Every structure is written in structure tokens, then in C-alpha cells.
């Protein structure tokens, strides 16, 4: 089922989400299906449960191609529950980001370039990955939602924040 995505300004987006304590349940399966349906419907690169009003530490992200990020490399479809992120370097890279909760806008956001993330799959099996580049950016963006952080809170230079159709960013499609 396609769910309504909360927009910036809704206080539910500012909460720290609660850990998942039960895996492989019907409720978790339904939540993940709703998240997949909603993300696909809106051409998102990822979605966090708090964005649809569910106060749990659950994110999904990935896909082979995305019209909102046509030049971005593929990121594997991932369910990440109760994530832990560890930077593997202090090096950051700035890049354009958008968000389904901040529609029509983009901002120039610093993110770690190289990190390890770990967490749980839908079944409760723990896994970890070492990633870099766009994949690292996407996981950081989605996991920020679990801590009540929206990407505009990370912008350092607001001259590089605005409406997608005005900014005319190469490699980024209008929303």
C-alpha cells in the first residue's frame, strides 16, 4: 500500500526512532511492503519508516536506476533494521541531495565518503557492508531519519539549497 510521506515541519520527523525487537513478523513484512510500494511510487532512492509515520529504526534503499538520480550508480536493494554506521575515514564529500520529505528541493550536503554499516535483515540475520560514494551517501541520508535529522540540517552553505527546477543541477532530474 502506498503511504503518505510526512513532510518537513511535521514533528514526527524529528523524533529518534525506536529499535525493532521482533523480526520476521507479519507486521514487519507489511511495513516493508508499504515502504517499498511508497518508495517505488515516488521514485525514491530510499525511505525510512519515520517518513511514513512509523517510529521504528527501519530503512530501505537501493535499486538499479532512478529517474530522480539518473547518473547515480546502482545500489543494491537493501532492508536495514537497527543500523549502526561507522566512518572508515574522516574524509567527507559534498553532493546534491533531495528527500521525499522535502519535495522539490535539493541541497549540497557533506557526507562521509567511506563507511561500514551493520544491522539486521527482515529475518533478523545480522549483516554488514563496507561502502563508499553514492551508496555511502544514501545509507547516511536514510539513517539520519532514524535520529530525527533531515538533510537541510546538514547543509553548510545555503546558497547551494533551493528548488530543483531553479537550480538546474546537471545529472539531477526535476521532481
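Values in this text are rule-based calculations from the coordinates and carry no lab data. All values derive from a computational prediction rather than experimental measurement. Methodologically, a virtual Cβ is constructed for each residue, glycine included, from the backbone with ideal geometry; neighbour enumeration extends over all protein chains shown.
Numbers below:
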{"read-out": "Gain upon complete extension [residue 43, residue 159; 0.36 nm per residue less C-alpha separation]", "value": "39.1 nm"}
{"read-out": "Residue order, fewest to most surrounding Cβ atoms within 10 angstrom, among 2, 60", "value": "2, 60"}
{"read-out": "Calculated FRET efficiency for the pair residue 169/residue 29, C-beta based, R₀ 45 Å, to 0.05", "value": "0.75"}
{"read-out": "The chain: angle of helix 133-145 to the longest principal axis, Cα-based, in degrees nearest 10", "value": "70 degrees"}
{"read-out": "Diffusion coefficient, µm² s⁻¹, Stokes-Einstein with Kirkwood Rh over alpha-carbon pairs of the chain at 37 °C and 0.692 mPa s", "value": "202 µm²/s"}
{"read-out": "Principal-axis tilt of helix 26-41 within the chain, Cα atoms, nearest 10 degrees", "value": "20 degrees"}
{"read-out": "Förster radius 30 Å - calculated FRET efficiency between residue 89 and residue 36, Cβ distance, rounded to 0.05", "value": "0.40"}
{"read-out": "Contour excess over end-to-end distance, with Cα ends at residue 132 and residue 114 and 0.36 nm allotted per residue", "value": "6.0 nm"}
{"read-out": "Global geometry of region 55-153, whether rounded, prolate or oblate, following the gyration tensor of its Cα atoms and the 1.5 cut on a/c", "value": "rounded"}
{"read-out": "Highest-MSF residue in the chain out of 74, 48, 17 [GNM, Cα springs under 10 Å]", "value": "74"}
